[in-house]
Amino acid sequence: MTALLRYQSGLLLRSQRWLAPLLLYVAIVGVGVRAGEPVLGALGLTAAALLPVAAWSVRICVTQEPPAARNVVAAAAGRGRTHLAALLTGTAWPALVGTVAVLVVTALSDRRGVTALAAVSTGVLAALTCALTGAAVGALSSRPFLPAPGWSLTVLVLGCLLALVTTGSPAKHAMTTLVTGARTATAHPPALACAGALLLVAAAAALSSRATARLE
């Protein structure tokens, strides 16, 4: 699996297709977060913006490989494992970017009533929750379920919107926790939401990998 992850990461970096979602994320956070605003509110936007970026990143990783190369790698490592490596790669990079963004936003924001450690732990868990939820959306809106680009993008956008506003969504729960904390200057790390997002993306990855092995 380590070799597959290196292979998928190399494909992503060389293709430069990661640049568009990264610029989108930087633009949203750069415009939406102002220096000196309450830290928990700023972290809420920082985390929420990561959800569509993670979904986009996962879609890029599962579709970036040419069919001929995909068949060669699948013959050596198995289609399910190859697809899982693409999903993990598409999830890991946004999670890393989100963690860095949380540290930067925490340093620039007003932490009155909230310690730096509490802000960082809350922000990182919220960012991971949104990244994992977005990865689940990306996994279910790409091949092998929706190979057609038009339908795939439509479902991806709708899935991201629903994940942010639907009651019961781990991302919505994490955002609600941060908004409530911003009003009372109290940090409540959304550990339960993060655990739920982890279960959600694990189920989506298992379903997607199994479907890839059977359908392709």
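From the residues in the range 101-120 that are among the hydroxyl-bearing types (Ser, Thr, Tyr) and surrounded by 15 or more Cβ atoms within 10 Å (Cβ to Cβ), which one is farthest from His188 (Cα to Cα)?
Among those that are among the hydroxyl-bearing types (Ser, Thr, Tyr) and surrounded by 15 or more Cβ atoms within 10 Å (Cβ to Cβ), it is Ser109.
Checking Val39 against (1) under 19 Å from the mean Cα position of the chain (by Cα); (2) buried (at least 20 other Cβ atoms within 10 Å of the Cβ): exactly one of these is not met. Which one?
Checking Val39 against (1) under 19 Å from the mean Cα position of the chain (by Cα); (2) buried (at least 20 other Cβ atoms within 10 Å of the Cβ), the one that fails is (1).
Do we find that Pro149 is at pLDDT below 90, over 26 Å from Val104 (Cβ atoms) and surrounded by fewer than 17 Cβ atoms within 10 Å (Cβ to Cβ) in this structure? Explain how you work it out, then say what you get.
Numbers: at pLDDT below 90: yes; over 26 Å from Val104 (Cβ atoms): yes; surrounded by fewer than 17 Cβ atoms within 10 Å (Cβ to Cβ): yes.
So Pro149 passes the test.
For the range 130-156: of the residues being part of a helix (DSSP H, G or I) and either among the polar types (S, T, N, Q) or more than 17 Å from Val201 (Cα to Cα) (or both), which is nearest to the chain's Cα centre (by Cα)? Show your work before the answer.
Going residue by residue through the range 130-156, those that are part of a helix (DSSP H, G or I) are 130-140, 149-156.
Cutting the leftovers down to either among the polar types (S, T, N, Q) or more than 17 Å from Val201 (Cα to Cα) (or both) gives us 133, 149-154.
Numbers: Thr133: 6, Pro149: 20, Gly150: 21, Trp151: 20, Ser152: 17, Leu153: 16, Thr154: 18 Å.
Selected residue: Thr133.
Per-residue answers, yes or no, for (1) surrounded by fewer than 17 Cβ atoms within 10 Å (Cβ to Cβ); (2) of a type in the set (S, T, N, Q):
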| residue | (1), (2) |
| --- | --- |
| Ala163 | no, no |
| Gly168 | yes, no |
| Ala171 | no, no |
| Leu178 | no, no |
| Thr184 | yes, yes |
| Leu199 | yes, no |
| Ala203 | yes, no |
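Got at least one residue in the range 68-89 being outside any helix (DSSP H, G or I) and polar (S, T, N, Q)? Write out each step before concluding.
Of the residues in the range 68-89, the ones outside any helix (DSSP H, G or I) are 78.
Subset that is polar (S, T, N, Q): none.
Scanning the range 68-89 turns up no residue that is outside any helix (DSSP H, G or I) and polar (S, T, N, Q).
Restricting to the range 47-72, name every residue that is β-branched (Val, Ile, Thr) and either surrounded by 20 or more Cβ atoms within 10 Å (Cβ to Cβ) or closer than 18 Å to Ala101 by Cβ (or both).
At the first step, the residues of the range 47-72 found to be β-branched (Val, Ile, Thr) are 53, 58, 60, 62-63, 72.
Scanning the range 47-72 gives Val53, Val58, Ile60, Val62.
Where the second residue is in a helix (DSSP H, G or I) and the first is hydroxyl-bearing (Ser, Thr, Tyr) and lies in the range 167-182, which pairs have Cβ atoms under 8 Å and are six or more apart or on separate chains?
Qualifying pairs under 8 Å: Ser169/Thr133; Ser169/Leu162; Ser169/Ala163; Thr177/Thr122; Thr177/Ala126; Thr177/Ala193.
Every residue in the range 172-204 that is of a type in the set (Gly, Ala, Ser), in a helix (DSSP H, G or I) and under 28 Å from Thr115 (Cβ atoms), please.
Correct list: Ala174, Gly181, Ala182, Ala191, Ala193, Ala195, Gly196, Ala197.
Report whether or not Ser169 is among the hydroxyl-bearing types (Ser, Thr, Tyr) and closer than 30 Å to Arg112 by Cα. Steps first, answer last, please.
Details: among the hydroxyl-bearing types (Ser, Thr, Tyr): yes; closer than 30 Å to Arg112 by Cα: yes.
So Ser169 fits the description; yes.
Given the criterion modelled with pLDDT of 95 or more and over 13 Å from Ala139 (Cα atoms), identify the matching residue among Leu50, Leu19.
Working: Leu19 fails: modelled with pLDDT of 95 or more.
After applying the criteria, what remains is Leu50.
Considering each residue of the range 71-102, count those that are of a type outside the set (A, V, I, L, M, F, W, C) and over 21 Å from Leu125 (Cβ atoms), and give that number.
Residues of the range 71-102 that are of a type outside the set (A, V, I, L, M, F, W, C), as a first pass: 71, 78-83, 89-91, 94, 98-99.
Applying the additional criterion that residues be over 21 Å from Leu125 (Cβ atoms) yields 71, 78-83, 89.
The number of residues fulfilling the criteria is 8.
Can you report the number of residues in the range 173-190 which are touching a Leu at 6+ places or on another chain (Cβ under 6 Å) and at pLDDT 90 or above? Lay out the reasoning, then the answer.
At the first step, the residues of the range 173-190 found to be touching a Leu at 6+ places or on another chain (Cβ under 6 Å) are 178, 181-182, 189-190.
Then drop every residue that is not at pLDDT 90 or above, which leaves 178, 189-190.
Within the range 173-190, residues that are touching a Leu at 6+ places or on another chain (Cβ under 6 Å) and at pLDDT 90 or above number 3.
Residue check: is Leu88 without any contact (Cβ under 8 Å) to a residue 24 or more places away in the chain and not basic (Lys, Arg)? So that I can check it myself, show each step before the final result.
On the way: without any contact (Cβ under 8 Å) to a residue 24 or more places away in the chain: no; not basic (Lys, Arg): yes.
No.
The values are calculated or read from the model by the stated rules, or taken from the named source; none is laboratory data. Everything numeric in this text was worked out from a predicted model, so none of it was measured. Cβ: placed from backbone, ideal geometry, glycine included. Neighbour counts: every protein chain shown.
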